[in-house]
Every structure is written in structure tokens, then in C-alpha cells.
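Comments concern the structure below.
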Amino acid sequence: MRIGIDLGGTKTEAIALDAAGTAIFRERRPTPAGDYDATLATVRDLVAEAERAGAGGATVGIGIPGSLSPETGLVRNANSTWLIGRPLDRDLEACLDRPVRMANDADCFALSEATDGAGAGHGTVFGVILGTGVGGGIVVNGRLLSGPNAIAGEWGHNPLPWPEAGERPGPPCYCGQTGCIETFLSGPGLAADHRRHTGAANDPAAIAAAAAAGDRDADASLGRYAGRLARALAAVINVLDPDAIVLGGGMGNIQRLYGDLPPLLARHVFSDSVRTRIVPPVHGDSSGVRGAAWLWPEDGD
């Protein structure tokens, strides 16, 4: 039995999975933003509820919006800023009286989809988050890659490949660089690009709907977005050559992308064919919390 916790900025979700991956418990609570002790208590209470629902003695995995520094063991790069600089894994282990495993929420998404989602059965899966930010995770033969710096899959803070006219130096990024992939391919990045070209302040969903209805400006904005996404993914394919790429986050819900990307990828992938599958997630918004549960494999290693 496994318990997964998705510790988000606005909500904290818990799930309990049996050995077959079937959910026997699922619950969401508001995240007590700004209150570290209350955040620990929320996780503790959700685990207790899951155990009362039949998940007694289960392993616990936690997905967080950030990562643990290999240098200090403290949370870094979290938009839930009250977690930064805290030994979250150790504090939760003390709270729950058991070991926990913790990973970035994009890593959890990738692990979920590689385990029993859109990437199941594939040797190498790149899970992509295209939402408020841009992140990713890499799973090889069912195991999550982390790396010595715990940043495997963080493609969003590389520069946009093969920049075209008007893309240099690119928008400023919160990381201190300019022209990061995230500044172009996040939801806010698409909205900002559309506003620069049209003056209209539309969100990504509205842009996609307008494009589907025949609006030329919205269609052009989505066309630029697809081209940039193809270049960014082609660079990943040229290095990692994954069997499947799963697109998560709000932008991954734009169905047009799945038709646009294959021919665009072919222009930049260093191969005479592109056999990498580009697919939507099976578990959608549930992938993060399911992936947290899967941080503990069947054999416990």
C-alpha cells in the first residue's frame, strides 16, 4: 500500500493506492499558505485519514513545488516560499514516524505517467509540465532520474534553441537569465507573446478557443508557440532520445499541439525520422499525487 501527497501552493492532496494502483482513498485540503507548522499538520492529518480508510502502515511519498538541495538537505526553488530553507523531509519523517520519499512535482508527474499512464511500457519517458512554469522529469526503465544536482529534467531554464528574429535576448526570467524556455512556453509566456503581437490581454484558454474559432491573431500566436515548443523538445530528443514525451500542465490540454508538433520536430531532430511519441497524460491532474505514491516501488528499493 502506498500513500502519495501532492503539496501544492493552494491545495494539498492525498491518495492511497493499492498494489494494483487503484485509489482506495483521495482527499484534498487547502494548503495553509505561509504557515510551515500548519503545513506539516495538514500532511499528518491527511496521512492519518488515509490510514483509517485502509492504508495502514503504507509508505509515504511527497511531491513538492521545488526540490531538496543535495548540498544542504533544505528545500530550494519552491514557489511555496514558506518551505524554502526548511528540512521538510526530516520534519515530516518526525511527524509521521516513518521514512518518506520526496521529489519535485514535475518528477512525480513523469513517474506517474511512466508507471501506469501514457508512458507505460516505454523505456525512457520525458514528462513535461507546461503550466505557470515549465518543468520536467525523466524516468528510465521505471526509475526516476535525479542526478547529482537533483535537477534532471529541468529543461525550462535552458535558452530557447535555434532562436529566430525577435527572440533574442528574450524575456527576463525570475532565475536571473533572459530567454529561458519557460519565458516562452509557460502559460503566462504564451499570453505575454500574444499581448506583444496583438495588444490583447487573453489567457491561454481564450487564445486556444479563439484560434479554433478561426481568429487569425490567435492562430498565429499558437503557431509561434508550437514552433518554439518543437524546437525546445527537439533539443531534448537530440540529447535524451526518449521513447515518449507526455505533455502535462494547462498547455498540454491544447489538442492542436499533438497534430502540429510531429512535422515541426522533424526540422530540428538530428535523425532521418522522429519516432518519439508526443502524448497527453492519462491521469491528468491526478498524475502528481499518484507519482508521489509511486516514489516507493514495489520492492521498496
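Spin-label model, Arg275 to Asp37: label points 7 Å out along the Cα-to-beta-carbon direction sit 5.8 nm apart. Working note: Karplus 6.51/-1.76/1.60 with θ = phi - 60° gives region 172-178 the couplings x, 10, 4, 6, x, 9, 10 Hz, where Gly and Pro are set to x. Mean sequence separation of contacting Cα pairs (under 8 Å, at least six apart), scaled by the length of the chain, corresponds to a relative contact order of 21 percent.
Counting only whole DSSP H helices of the chain, the ones at least 27 Å long by C-alpha along their axis and with mean Kyte-Doolittle hydropathy no lower than -1.0 are 216-240.
The label point for Arg256 and the one for Ile151, both projected 7 Å from the Cα toward the Cβ, are 3.4 nm apart. A simple spin-label model places the labels of Thr81 and Ala200 3.4 nm from each other, with each point 7 Å out along Cα-to-Cβ. Would you kindly state the longest site-free stretch of the chain, with sites defined as GluC sites (Glu not before Pro) in a DSSP loop (not H, G, I, E, B) surrounded by at most 11 other Cβ atoms within 10 Å? Maximal segment without exposed cleavage sites: 165-297.
A short reminder: the numbers here are calculations on the coordinates, not readings from a lab. All values reported here derive from a predicted model rather than from experimental measurement. Note: ideal-geometry Cβ built from the backbone for every residue, glycine included; neighbour counts use all protein chains shown.
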